[in-house]
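The values are calculated or read from the model by the stated rules, or taken from the named source; none is laboratory data. Keep in mind the model is a prediction, meaning the values are calculated, not measured. As a convention, Cβ positions derive from the backbone with ideal geometry for all residues, glycine included, and neighbour counts pool all protein chains shown. For the accessible areas, the whole protein counts, side chains as well, though only heavy atoms, and no ligand, DNA or RNA atoms are used. Shrake-Rupley method; radii C 1.70, N 1.55, O 1.52, S 1.80 Å.
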Amino acid sequence: MFIVHINPNSEKENIMADHQKGIHHITILSGDAQVNYDFYVKKLGLRMVLKSVNQDDPGTYHLFYANGAGKPGSSITFFPWPMAHQGVPGTGEAVAVSFAVPSTSGGYWKKRLADEGIEFDGPEKRFGLDVIRFRDPDNMMLELVFDPAADAVDAWKDATVPAEHGIRGFWGTTMRIVETDETTALLEEVFGFKKTDAEKNLTLLKSGSEIGHSVILEKAEKAGYGKNGRGIIHHVAFRAKDEEEELEMRRKVIDHGLQPTTVIDRHVFKSVYFRSPGGVLFEIATDGPGYRSVADRDEDMGKELFLPEWLEPRRQDIESGLPEIRL
Ligand code: ZN
């Protein structure tokens, strides 16, 4: 836990600023929505905090799963597209999503995955922490990292996984890229990360937050093309505490010679997108207003289809065209 100090020049204040940095959400292309929901909610114990549509393709869902409170640093989001071909990851992409679980929950998760019929590898040590690897129904690489930093964060209390063992949020993500130096500079100079460790071809960058605090850059010797499709990570979003900070970060991105979009209102946060030097699609996303802001009550989160105002007139058509998701 970090302590707020009033003195702006103190070392603690710098750590505090860092505390609000890290991964905001990660968005992935998936296949069938029901299969996706069943895996992430029923098997892994995440909460669906928002059910919406892809604003660029409103005939398809955009599903958001997170810890109980829907905190920044915990939401994995999907564009389910039942007809999508299987993707194959290449370079210039994020290739794995890592969830943080309590440091003492190793035994629970090995049994849980086995009971659910999910094949896994590990635990293996990486950067001093135990990691278990497995794949989601669309063949995307997932990891559980047994991380003491996450112990204090609450999991969803009504999950199928007991709260003491539940997923706290992200530990981080792995990006497979050639341009590791340029991406390191961007993560350090704009997004509040610091290079803290390296092993083999992996560089670890960390922010000061409790969840979503780690990015691993996996150095690729040369570019290799993958195939877009289900199981491919579409983008990684990083936190800005408010719109003012987002605009400041956007200016810094331009100073790095990159080309960000203007601010786009996603209603639960405000977004700026750009292609990073390594080729990964990055987003800057504000912490607020958050998933809770579009639900009347906490227990309503993720239940009704959320549509931005400009799509409300088409609600009936949109709802009748979307496949039902059995909760
Ligand atoms: Zn996003």
For the range 264-282, pairs from a residue that is free of Cβ contacts under 8 Å to residues at least 40 places away in the same chain and polar (S, T, N, Q) to a residue that is within 11 Å of the ligand (Cβ to nearest atom) and part of a strand (DSSP E or B), with Cβ under 6 Å and 6 or more apart or across chains, are Ser271/Ile264; Ser271/Glu283; Ser271/Ala285
Answer with yes or no whether Ala33 is touching a residue at least 60 places away in the same chain (Cβ under 8 Å), among the small types (Gly, Ala, Ser), away from the ligand (no atom under 12 Å from the Cβ) and open to solvent by 20 Å² or more (accessible area, probe 1.4 Å).
no
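Here is a list: Glu210, Glu188. Which entry is in a loop (DSSP other than H, G, I, E, B), more than 23 Å from Asp38 (Cβ to Cβ) and either open to solvent by 30 Å² or more (accessible area, probe 1.4 Å) or without any contact (Cβ under 8 Å) to a residue 40 or more places away in the chain (or both)?
Details: Glu188 fails: in a loop (DSSP other than H, G, I, E, B).
Only one candidate passes the filter, namely Glu210.
Can you say whether Arg176 is touching a strand residue (DSSP E or B) at 6+ places or on another chain (Cβ under 9 Å), open to solvent by 30 Å² or more (accessible area, probe 1.4 Å) and outside any helix (DSSP H, G or I), as far as the supplied structure shows?
Details: touching a strand residue (DSSP E or B) at 6+ places or on another chain (Cβ under 9 Å): yes; open to solvent by 30 Å² or more (accessible area, probe 1.4 Å): yes; outside any helix (DSSP H, G or I): yes.
Judged against the criteria, Arg176 is a match.
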Here the residues within the range 275-289 that are crowded, with 19+ Cβ neighbours inside 10 Å and either among the acidic types (Asp, Glu) or within 15 Å of the ligand (Cβ to nearest atom) (or both) are Ser276, Val280, Phe282, Glu283, Ile284, Ala285, Thr286
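Scan the range 105-116 for residues that are farther than 13 Å from Gly166 by Cβ and touching a residue at least 12 places away in the same chain (Cβ under 8 Å) and jot them down.
Filtering the range 105-116 for residues farther than 13 Å from Gly166 by Cβ gives 106-107, 110-111, 113-116.
Matches in the range 105-116: Gly106, Lys110, Leu113, Glu116.
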Any residue that is crowded, with 21+ Cβ neighbours inside 10 Å, in contact (Cβ under 8 Å) with a residue 60 or more places away in the chain and in contact with a His (Cβ under 9 Å, 6 or more places away or on another chain) - is there at least one of those in the range 127-140? no
If we keep only residues of the range 46-60 that are more than 17 Å from Pro72 (Cα to Cα) and of a type outside the set (Val, Ile, Thr), then the residue farthest from the chain's Cα centre (by Cα) is Gly59
Note on the range 125-152: residues under 16 Å from the mean Cα position of the chain (by Cα) and part of a loop (DSSP other than H, G, I, E, B) are Asp136, Met140
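Does Thr203 count as more than 16 Å from the chain's Cα centre (by Cα) and either at pLDDT 95 or above or part of a loop (DSSP other than H, G, I, E, B) (or both)? Steps first, please.
Details: more than 16 Å from the chain's Cα centre (by Cα): yes; either at pLDDT 95 or above or part of a loop (DSSP other than H, G, I, E, B) (or both): yes.
So Thr203 fits the description; yes.
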Checked Arg266, Arg292, Arg297, Arg314 against criteria (within 14 Å of the ligand (Cβ to nearest atom) and either open to solvent by 40 Å² or more (accessible area, probe 1.4 Å) or charged (D, E, K, R) (or both)); the one match is Arg266
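Out of Phe170, Phe193, Phe146, report the one residue that is under 23 Å from Ser103 (Cα atoms) and within 16 Å of the ligand (Cβ to nearest atom). Please lay out each step first, then the result.
On the way: Phe193 fails: within 16 Å of the ligand (Cβ to nearest atom); Phe146 fails: within 16 Å of the ligand (Cβ to nearest atom).
Result: Phe170 is the single residue among Phe170, Phe193, Phe146 that is under 23 Å from Ser103 (Cα atoms) and within 16 Å of the ligand (Cβ to nearest atom).
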Pro260 vs (1) away from the ligand (no atom under 16 Å from the Cβ); (2) closer than 15 Å to Val280 by Cα: all pass except (1)
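Of the residues that make up the range 246-255, is at least one on the phi > 0 side of the Ramachandran plot, free of Cβ contacts under 8 Å to residues at least 12 places away in the same chain and surrounded by fewer than 21 Cβ atoms within 10 Å (Cβ to Cβ)? Break it down into steps so the answer makes sense when it comes.
Within the range 246-255, the subset on the phi > 0 side of the Ramachandran plot is none.
No, the range 246-255 contains no residue that is on the phi > 0 side of the Ramachandran plot, free of Cβ contacts under 8 Å to residues at least 12 places away in the same chain and surrounded by fewer than 21 Cβ atoms within 10 Å (Cβ to Cβ).
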